[in-house]
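The values are calculated or read from the model by the stated rules, or taken from the named source; none is laboratory data. All values derive from a computational prediction rather than experimental measurement. Note that we place each Cβ from the backbone using ideal geometry, even for glycine, and neighbour counts take in every protein chain shown.
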Amino acid sequence: MSSVAHKKSKGIMRKLNAFTGIAFGLLLGFTVNYLARKYLAQGEDFPFYGDQVIISTMLAWALGFMIGVGAFVGPYRWLMNRDLSYEDQMWLAGKDAGTARYFRFTTDHKVVGIQYLIMTMVLLGVGGTLAMMIRTQLSMPNNHFINHSMYNSFVGLHGIIMIIATIIMVTGPFGNFILPIMIGARDMAFPRLNALSFWLIFAAVPILLAAPFLGGISTGWTAYAPLSTQAPPGMDAYIITIIIFAVSSAVAGANITTTAVTMRARGMTWDRTPIFVYGAVASVGVAIPAFPMFMASQIFSGLDRAMGASFYDATNGGSGWLYANLFWLMGHPEVYVILLPALVALLEIVPVFSRSPLFSFNAAVAGIVGITGLSVLVWAHHMYASGWAPNLNAPFMLTTEIISIPTGLLFLVFIGTIWRGNIWVRLPMIAVYAVLWNFLIGGITGIYLSDVPADMALHGSMYVTAHFHYTLMGAGLTGMIGATAYWFPKMTGRMLNEKIATPAFLIMQLGFQVTFFGMFLVGLQGQPRRVAMYDILFANGNKISTMGAYTIFFGALIMLVTIIDSWRHGEVAPANPWGSQTLEWKVPNPIPLENFLVPPVVTGDPYQFGKPDIYDLGADKEKVEV
Amino acid sequence: MSTKERTRGSIGEFIRRPYVRHIFVIWVFVTIAIALFAPVQSRLMGNSASLEMDVVKETMTIFTFWSAPVAGLVISIALYSLFGWRSKGDAAPTEDGSPMRSNSKVVVGWLVGSSILCVMLLVWGLAAMSESHNGSDPAEVHTVNVVGNQWVWNFDYKDDGNFSTPVLYLPVDEPVMFNITSVDVIHSFWIVEMGVKMDANPHETTHMRVTPTELGVFNIRCAELCGLNHSAMFTKVHVVSKSDYKAWVDSMKGSAQ
């Protein structure tokens, strides 16, 4: 790249995209695989050879892909003393690039948001299909639809895919696309890190999806040691995926936090900042201490498997409880990483569709802060029955039960906002009602499980599975669907066809209640989790669950088709179809590259409902001097 | 200040509002419905076979009772709003709802209420925990060593004779202490009808105590994913009378020699 060539072709970075990334990733992957097989010691004395080859191949693929997609162009050019010019940056942001920008390392936050949305939908589709496999196997007590090994593999893969999908499902699409516009910023604080966080996940997904071909993740998503040390090489895929994902979420977390703290528009004081921003920041903020724990737990696990270390090997001075602690230090904050952004997205929806201000903004913030703070102090309630520290059960029961107070505050904000509102029943608002119901059930069953003696009976049973599906799916995923319905017109420029989407949503909700009613039932009767076959006693409950699951799948398919159809052919959306007051609805459709031609100035919070003079849709323009 | 202004916002005025009365009626119905549902979960758990399971079933029922009024409040307001406060038609509402931004009495009341409930949960939980640890004289406690092994359970009787068995026998109404370990991966020793479980960790010994109260045959299942045949890792526990237990121990000692 001579300086002359640089001026003409604008550098090699102009030629990089996802396809060159895949090509270079495969090239580096195969090369390292060849070298590893040739030079690494093998034979009976070297039991770790297989895992070493697989881990090095996967890391090489990921590194090769990131190089090939152009993730390191910025730092490379900076090192070479040829920092990116304004023109380069505009090119990276995808200026006038059309559809091609979705397939390369584009820094525009709106492109990254859409990429995240598609990725979330793909992962939910794969995870949902796996769930159907699991439910089909469980439709009869001694079914032979899939064998035990495949069953265990699907349970693990379903778990971890859904965890990754639900972690990114709100802060990914909406945190990236909507949040910067909502606070009046032209882009994220670190646009290149933003693209990096997405393409890291893109690099990790093929690794994760390779797991079933490498013997599967036979440990469930918890991957407890020493079961994980016994597991086939599919476990290496899990380990590498988590390590990459942890880097991605750290990068995204730092980016979203910095953006929200430093880039809010003039006049957007903290009490004028939309509540969604608080929730998104709290979510990624919790992820910042949580995911390094996960990463460390998997690095140790990988060292145990591939280098013969003994972090978790009790016969050699390690401890399985070390793994359990590291894992749940991530694992419990992580459920709030999933839940909080979905709930606060709904808190953004409730005032608009009730035409009423958010009830007690301060209580909402206190609820978010309370949940965030307590979420890192409750992890060992997953370990009441582990025998790790029986004397700590009481303190962890205390912290776990206290978390019901800030959670209760969020319920108060919901019903307080609905109180005497003028309720506009559209799909986003229907999602709010669905989430209130589901989260109530998820929350109350969580109270039983927080109680040590009750947990001794219910831990490890299907009751727990039903409980966390009510929180993560019933509240989290349902909230995300509501948020998608709400921001769809802004993100795609078209209206979602609610004539089909609403019935599809209701079918999914009905199926959801049926599925997990059956699962609560068999859990109470004593069916353990993650079993491929079960006692005849549990036959009816499982049949109910499987029928419900097919109903969800049917509804989800209709929903997916409707979303795709509306995205392509839907009615063109006005700039502000809901009469919302947050800034993202003030920018035109399609949104210009840097969102605002003139930086907006904010003079009030976005919940100025209930005052007839301000309500007029034209009038609130006064508050924003564009 | 006129009389009218003074009464507005007072409790008397508040409960005279028509929607408050409607919500109150729905709240009463929903709360009663949840309260009636409270014993259902406990019943679905089957008959209790131990002191510990009695505590669990009581806990499930009482927690449902306590949460009934709060859950009822959320459900009744949400339900009422769907009918009473609904904007007509699919088009955007032309009028706004209430401009209320907060109400410190409500927020403080809610906080106090949920804190009281939280303390009740905690006190109940601590009491229940100490109840399941209260025992008789340690000398009267039977000891059984439990070993998890992919994918079978083994029970070593040390005090009552030196023998092993894959099927557990326990005397009724006498406390038992299990010392639990594993030879390979983590298992979880779960006596379903007795409402107790404890993980079996390799190279560690964990302890679990239970007092069977019912004669009969009950289920032991593994509650922690432990590999390929996790779902097949189950066995039975026979709870028998004290004399039958003695006879069984004698026969086992005979066959062990």
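For the reader, a short list of remarks on this structure follows.
- In segment A:325-372, the residue that is nearest to residue A:224 (Cα to Cα) out of those that are among the hydroxyl-bearing types (Ser, Thr, Tyr) and more than 14 Å from chain B (Cβ to nearest Cβ) is A:336.
- Residue within segment A:256-275 that is under 25 Å from residue A:224 (Cα atoms), in contact with a Ser or Thr (Cβ under 9 Å, 6 or more places away or on another chain) and aliphatic (A, V, I, L, M) present: no
- Test result for residue A:131, farther than 30 Å from residue A:539 by Cα and either at pLDDT 95 or above or not assigned by TED's automatic domain parsing to the domain that holds residue A:540 (or both): no
- Criterion (buried (at least 17 other Cβ atoms within 10 Å of the Cβ) and out of contact with any Cys (no Cβ under 8 Å at 6 or more places or on another chain)) met by exactly one of A:100, A:62: A:62
- Filter pass, residue A:492 being surrounded by fewer than 24 Cβ atoms within 10 Å (Cβ to Cβ), among the β-branched types (Val, Ile, Thr) and farther than 17 Å from residue A:352 by Cβ: yes
- Residue check, residue A:160 out of contact with any Pro (no Cβ under 8 Å at 6 or more places or on another chain), assigned to a loop (DSSP other than H, G, I, E, B) and aliphatic (A, V, I, L, M): no
- Residues in segment A:177-187 include none that are crowded, with 24+ Cβ neighbours inside 10 Å, more than 14 Å from chain B (Cβ to nearest Cβ), among the β-branched types (Val, Ile, Thr) and over 30 Å from residue A:83 (Cα atoms).
- Breaking point among (1) among the small types (Gly, Ala, Ser); (2) closer than 23 Å to residue A:251 by Cα; (3) modelled with pLDDT under 95, for residue A:113: (3)
- Taking segment B:90-118 as the range and being more than 18 Å from residue A:609 (Cβ to Cβ) and within 9 Å of chain A (Cβ to nearest Cβ) as the test, the residues that pass are B:90, B:104, B:106, B:107, B:110, B:111, B:113, B:114, B:115, B:117, B:118.
- The set of residues in segment A:583-607 that are crowded, with 19+ Cβ neighbours inside 10 Å and among the charged types (D, E, K, R) comprises A:584, A:586, A:605.
- Only residues that are on the phi < 0 side of the Ramachandran plot, at the interface with chain A (Cβ under 10 Å from one of its Cβ atoms) and surrounded by fewer than 22 Cβ atoms within 10 Å (Cβ to Cβ) were counted in segment B:219-245, giving 5.
- The set of residues from segment B:168-205 being more than 7 Å from chain A (Cβ to nearest Cβ) and of a type in the set (Gly, Ala, Ser) comprises B:182, B:200.
- Members of segment A:519-529 found to be surrounded by 24 or more Cβ atoms within 10 Å (Cβ to Cβ) and within 7 Å of another protein chain (Cβ to nearest Cβ), listed by number: A:526, A:528
- Of all residues in segment A:466-522, those satisfying the criterion of being within 27 Å of residue B:46 (Cα to Cα) and of a type in the set (Val, Ile, Thr) are A:471, A:514, A:515, A:522.
- Candidates A:410, A:377, A:392, filtered to the one that is out of contact with any strand residue (DSSP E or B) (no Cβ under 7 Å at 6 or more places or on another chain), outside any helix (DSSP H, G or I) and more than 9 Å from chain B (Cβ to nearest Cβ): A:377
- Filter pass, residue A:417 being buried (at least 24 other Cβ atoms within 10 Å of the Cβ), assigned to a helix (DSSP H, G or I) and not aromatic (Phe, Trp, Tyr): yes
- Residue selection: residue A:196 fails the criterion of being over 30 Å from residue A:262 (Cβ atoms) and either surrounded by 24 or more Cβ atoms within 10 Å (Cβ to Cβ) or more than 14 Å from chain B (Cβ to nearest Cβ) (or both).
- Any hit, segment A:533-546, residues being away from every other protein chain (no Cβ under 14 Å), crowded, with 19+ Cβ neighbours inside 10 Å and part of a helix (DSSP H, G or I): yes
- Checking every residue in segment B:49-66 against the condition of being among the polar types (S, T, N, Q) and without any contact (Cβ under 8 Å) to a residue 40 or more places away in the chain gives at least one match.
- Test: residue A:207 is under 30 Å from residue A:235 (Cβ atoms) and more than 16 Å from the chain's Cα centre (by Cα): yes
- Candidate set: segment A:312-370, residues that are acidic (Asp, Glu) and crowded, with 24+ Cβ neighbours inside 10 Å; chosen: the one farthest from residue A:477 (Cα to Cα): A:348
- Scanning segment B:171-200 for residues that are part of a loop (DSSP other than H, G, I, E, B) and either among the hydrophobic types (A, V, I, L, M, F, W, C) or closer than 16 Å to residue A:456 by Cβ (or both) gives B:172, B:175, B:183, B:185, B:186, B:195.
- Answer from B:214, B:174, B:193 - the residue that is of a type outside the set (S, T, N, Q) and crowded, with 23+ Cβ neighbours inside 10 Å: B:193
- The C-beta contact set for segment A:461-489 (first residue farther than 30 Å from residue A:535 by Cα, second residue among the acidic types (Asp, Glu) and surrounded by fewer than 24 Cβ atoms within 10 Å (Cβ to Cβ), distance under 9 angstrom, 6+ apart or interchain) comprises A:485/A:498.
- Residue-level check: of (1) within 18 Å of the chain's Cα centre (by Cα); (2) over 17 Å from residue A:463 (Cβ atoms); (3) facing another protein chain (nearest Cβ under 7 Å), residue B:208 misses just (3).
- Restricted to segment A:42-120, the set of helices (runs of 4 or more DSSP H) holding at least 1 residues that are under 15 Å from residue A:14 (Cβ atoms) and under 25 Å from the mean Cα position of the chain (by Cα) comprises A:49-69.
- In the condition set (1) buried (at least 19 other Cβ atoms within 10 Å of the Cβ); (2) within 28 Å of residue A:249 (Cα to Cα); (3) assigned by TED's automatic domain parsing to the domain that holds residue A:595, residue A:94 is compliant with all but (3).
- The residues on offer are A:58, A:119, A:66, and the sole one that is under 21 Å from residue A:204 (Cβ atoms) and in the same structural domain as residue A:592 (by TED's automatic domain parsing) is A:119.
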